[in-house]
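The values are calculated or read from the model by the stated rules, or taken from the named source; none is laboratory data. These numbers were taken from a predicted model, which means no experiment stands behind them. When we count neighbours, we look across all protein chains shown, and the Cβ atoms used for this are built from the backbone with ideal geometry, even at glycine. The protein model used for the area step is the full one, side chains on, heavy atoms only, and it has no ligands, DNA or RNA in it. Shrake-Rupley method; radii C 1.70, N 1.55, O 1.52, S 1.80 Å.
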Amino acid sequence: MEQQLPTFDSLMNPMLQALRELGGSGSIDEIYEKVVEITQLPEDIVSVLHDPEKSNDTEVGYRLAWTRTYLKKYGLLENSSRGVWSLSAAARDVDEVNPTEVVRSVRGTFQKGRKQREKTPERQAESDDAPDESTEELDSWREELHTILTQKLDPAAFERLVQRLLRESGFLHVEITGRTGDGGLDGKGIARIHGFMSFHVIFQCKRWKGSVGAGEI
């Protein structure tokens, strides 16, 4: 039987699985490749273009964009300004979703919001001026962050944090290649420069109190 193009809602659970396998976050390209791998979509399906006259975007990629949108509105995904998508805190307790329920919930919320906007005129009540943080508050925040990173964060969470930071910095295909048991981790990825150049890099990340000596490196 010939395989058909997957619907956007049928890709919801593969997308959640892909993000879990990627460590909780990933770029659009990384998620795309992982979903294709999980669903084992054949080349003739993956190569179908959404609108050949306007772009080289694939139909699967187009539908995955809708999948991300619905899962985000459902509260299971988050995204940053750099195009990195991640599982939300609510997604940690969710193994699978009912796609029909997700679609019904999101569309119901959309319709409710549209009716409310029609009844209520828009108001602007936010000030353009943001309060400044005092030096004491900033120092306290840094100390708290340092404590969390060096003492409270478990190794798996530290790994996901490093992956996320590198992805937010423009790295692709970030992989953790091994743990040495010394409080750090090793990995590799592809660094992009201004969108025109890329090169393979390896990295070592230490979670260490004080300075890191040459022996530890």
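Results, tabulated for the structure shown:
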| read-out | value |
| --- | --- |
| Cβ-Cβ under 6 Å pairs, at least 6 apart or on other chains, the range 17-30 side closer than 10 Å to R164 by Cβ and in contact (Cβ under 8 Å) with a residue 40 or more places away in the chain, far side surrounded by 15 or more Cβ atoms within 10 Å (Cβ to Cβ) and of a type in the set (G, A, S) | G24/S86; S25/S86 |
| Any hit, the range 91-102, residues being assigned to a loop (DSSP other than H, G, I, E, B), within 18 Å of the chain's Cα centre (by Cα), surrounded by fewer than 12 Cβ atoms within 10 Å (Cβ to Cβ) and at negative phi | yes |
| Qualifying residue in the range 156-164 (condition: part of a loop (DSSP other than H, G, I, E, B), modelled with pLDDT of 65 or more and among the aliphatic types (A, V, I, L, M)) | no |
| Subset of the range 4-26 that is more than 14 Å from L76 (Cβ to Cβ) and assigned to a loop (DSSP other than H, G, I, E, B) - its residue that is farthest from the chain's Cα centre (by Cα) | Q4 |
| In the range 76-90, the residues that are among the charged types (D, E, K, R) and not in a strand (DSSP E or B) | R82 |
| Any hit, the range 203-212, residues being hydroxyl-bearing (S, T, Y) and modelled with pLDDT of 80 or more | no |
| Long-range neighbours under 6 Å by Cβ, at least six apart or interchain, first residue farther than 21 Å from N13 by Cα within the range 39-56, second in a loop (DSSP other than H, G, I, E, B) | H50/D57 |
| Flag if I31 is open to solvent by 20 Å² or more (accessible area, probe 1.4 Å), in contact with a helix residue (DSSP H, G or I) (Cβ under 7 Å, 6 or more places away or on another chain) and outside any loop (DSSP other than H, G, I, E, B) | no |
| All positions within the range 34-55 that are under 20 Å from the mean Cα position of the chain (by Cα) and surrounded by 15 or more Cβ atoms within 10 Å (Cβ to Cβ) | K34, V35, V36, I38, T39 |
| Any hit, the range 56-77, residues being out of contact with any helix residue (DSSP H, G or I) (no Cβ under 9 Å at 6 or more places or on another chain) and open to solvent by less than 70 Å² (accessible area, probe 1.4 Å) | no |
